[in-house]
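So the structure is just underneath, and the comments pick up after that.
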There are 2 protein chains.
Amino acid sequence: MSNLDLTFQALADPTRRAMVERLAKGSCSVSELAQPFAMSLPAVYQHLQMLEASGLVASEKIGRVRTCRMEPAAMSLAETWINRRRTDWEARLDRLGAHLQRFPEGEPK
Amino acid sequence: MSNLDLTFQALADPTRRAMVERLAKGSCSVSELAQPFAMSLPAVYQHLQMLEASGLVASEKIGRVRTCRMEPAAMSLAETWINRRRTDWEARLDRLGAHLQRFPEGEPK
DNA sequence: TCCACACTTAAGCATTTGCCTAAGTATAAG
DNA sequence: CTTATACTTAGGCAAATGCTTAAGTGTGGA
């Protein structure tokens, strides 16, 4: 499974996106991360593991507290992939427009 | 299911991302879209339906040929969501940096 | 009219996801 | 030493995913 697979998969769940939103405001413990959600701690923990597997989040355990933080690099990879497709699409539209300007209703080549 | 759910879910699959990459280069029929993949046409068709459900792709049938095209608006929504988290995270780092400059090793408030 | 072509629908199946409860483990406070 | 805290692991289960093959439907060419 490529990293983009894991990253987009991680972002596809609303709970995990909310967790990323929380971590974008600042690092916190697993319990703090779980607090807003009406679900068991193991469920939150599993979401956290998917976020870590994707690279979107990293964490470190000190004593009995695991502190989680956002990892913007994985974020950028996903953002860049999307941006690239938009660029391709726009470049194609530009070429098409330029062509139509020279050959109105002409054959598409 | 929110639109972001469907969008990121759609982008989580490598086949669907490849389909988006193909469409970013220009519109094409379902068969053309299916051609690079070692899977049945119904399978490709199901992927296409997920891409349409997310809004990433739109299509129109003329005669017996369905032509698919990329829909950049849904793309932008996903890109914007990611970008926003990065912005939040960077703003937090900036505030932290400014604070540490005034209170080196000081209490975090 | 007949038939091939380009999808499209339906049904089935193995795997993955997203939760749960119960039962751990390790650290820190009393 | 005992207990509470903060995760962590394990097992189970219903629903969703990503395919498959088989059997349609509608269009257009011969």
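The values are calculated or read from the model by the stated rules, or taken from the named source; none is laboratory data. Since the structure is predicted, the reported quantities are computational estimates derived from the model, not experimental observations. Glycine gets a Cβ as well: all are built from the backbone with ideal geometry, and neighbour counts include every protein chain shown. Each accessible area value is taken on the protein alone, full model and side chains, heavy atoms only, with ligands, DNA and RNA left out. Shrake-Rupley method; radii C 1.70, N 1.55, O 1.52, S 1.80 Å.
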Restricting to the stretch A:58-80, name every residue that is of a type in the set (A, V, I, L, M, F, W, C) and either in contact with a helix residue (DSSP H, G or I) (Cβ under 6 Å, 6 or more places away or on another chain) or within 16 Å of DNA strand D (Cβ to nearest atom) (or both). A:Ala58, A:Ile62, A:Val65, A:Cys68, A:Met70, A:Ala74, A:Met75, A:Ala78
Scanning for something hydroxyl-bearing (Ser, Thr, Tyr) and within 16 Å of DNA strand C (Cβ to nearest atom), does the stretch A:70-89 turn up at least one residue? no
Before we move on, is B:Val20 more than 13 Å from DNA strand D (Cβ to nearest atom), touching a residue at least 12 places away in the same chain (Cβ under 8 Å) and surrounded by 13 or more Cβ atoms within 10 Å (Cβ to Cβ)? yes
Return a yes/no flag: does the stretch B:24-36 have any residue that is more than 13 Å from chain A (Cβ to nearest Cβ), within 13 Å of DNA strand D (Cβ to nearest atom), without any contact (Cβ under 8 Å) to a residue 24 or more places away in the chain and among the β-branched types (Val, Ile, Thr). no
Selection from the stretch B:2-32 of residues that are touching a Ser or Thr at 6+ places or on another chain (Cβ under 8 Å), assigned to a helix (DSSP H, G or I) and not hydrophobic (A, V, I, L, M, F, W, C): B:Asn3, B:Thr7, B:Gln9, B:Pro14
Tell me, yes or no, whether the stretch A:33-41 has at least one residue that is in a helix (DSSP H, G or I) and open to solvent by 70 Å² or more (accessible area, probe 1.4 Å). yes
Take the conditions open to solvent by 70 Å² or more (accessible area, probe 1.4 Å) and hydrophobic (A, V, I, L, M, F, W, C) and apply them to A:Leu77. Does it pass? yes
